[in-house]
Amino acid sequence: CMASAAILAIIIAFSVAFMTVDAFRVNVLNLLISIEPEYTTIQLTERREGNGENNNGLVVNWSQAYVPSYIPEGFEVSDSIVTQSIKRMVFTDEQNETRFITYTIFGSSSTVAVDTENAQVNETIKIGGRDGMLVIKNSVVTLALEMNGHLILIQGMISRDEIINIAESIVYRE
């Protein structure tokens, strides 16, 4: 009877702490994040305010967002989605419609799974002093990068160097 009461008290204390204390919730959720052979789950753990810089001539016409100032020549915007939790822009090659670039910004509460099973490349790289994850699988290059509380995912049927150039060109636009 005492053991049951102790377990019930622990469950109640855990539940209350999980529901009311952000730092506790983040630590518990971080225990659930893992790198598996089949996929990698990416989740932001903390929201931070960013210091942005302005840049003229941006390719993507979003405000108050991180946008690339470089997109390889020949690509044009073919689709755009903006919701409360994500902003996505899809670019396609004018000459070869099978080549594409998808640039997505996820909010701080989003979780993204990147397929890493049997990937030819799965490595951590530095972009502007920040760690990023680069995955190449079946001719699709994926780069995941955190920028001031936002998860940025760039995917495309383009070269590794082009994806890195796009990531390095990201600026904050007011």
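The values are calculated or read from the model by the stated rules, or taken from the named source; none is laboratory data. Computed from a predicted structure; not experimentally measured. Please note: Cβ atoms are built from the backbone with ideal geometry, for glycine as well, and neighbour counts cover all protein chains shown. Note: areas computed on protein heavy atoms with side chains; ligands, DNA, RNA excluded. Shrake-Rupley method; radii C 1.70, N 1.55, O 1.52, S 1.80 Å.
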Exclusive hit being open to solvent by less than 90 Å² (accessible area, probe 1.4 Å), outside any strand (DSSP E or B) and at pLDDT below 85, set Asn55, Asn27, Asn61, Asn51: Asn55
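Filter segment 121-134 down to residues that are outside any strand (DSSP E or B) and either at pLDDT 95 or above or within 11 Å of Ala144 (Cα to Cα) (or both), then give me how many there are.
So in segment 121-134, the residues outside any strand (DSSP E or B) come out as 128-129.
Add one more test, that the residue is either at pLDDT 95 or above or within 11 Å of Ala144 (Cα to Cα) (or both), and what stays is none.
The qualifying residues number 0.
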Every pair of residues 6+ apart whose Cβ atoms lie under 8 Å, when the first sits in segment 71-88 and is acidic (Asp, Glu) while the second is at pLDDT 85 or above and in a strand (DSSP E or B): Glu76/Phe91; Glu76/Thr92; Asp79/Arg88; Asp79/Met89; Asp79/Val90
Residue that is modelled with the lowest pLDDT [pool: residues in segment 1-24 that are open to solvent by less than 60 Å² (accessible area, probe 1.4 Å) and within 29 Å of the chain's Cα centre (by Cα)]: Phe18
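Tally the residues that are within 16 Å of Thr111 (Cβ to Cβ), in contact with a Lys or Arg (Cβ under 8 Å, 6 or more places away or on another chain) and buried (at least 19 other Cβ atoms within 10 Å of the Cβ), restricting the search to segment 139-173.
Selection size over segment 139-173: 2.
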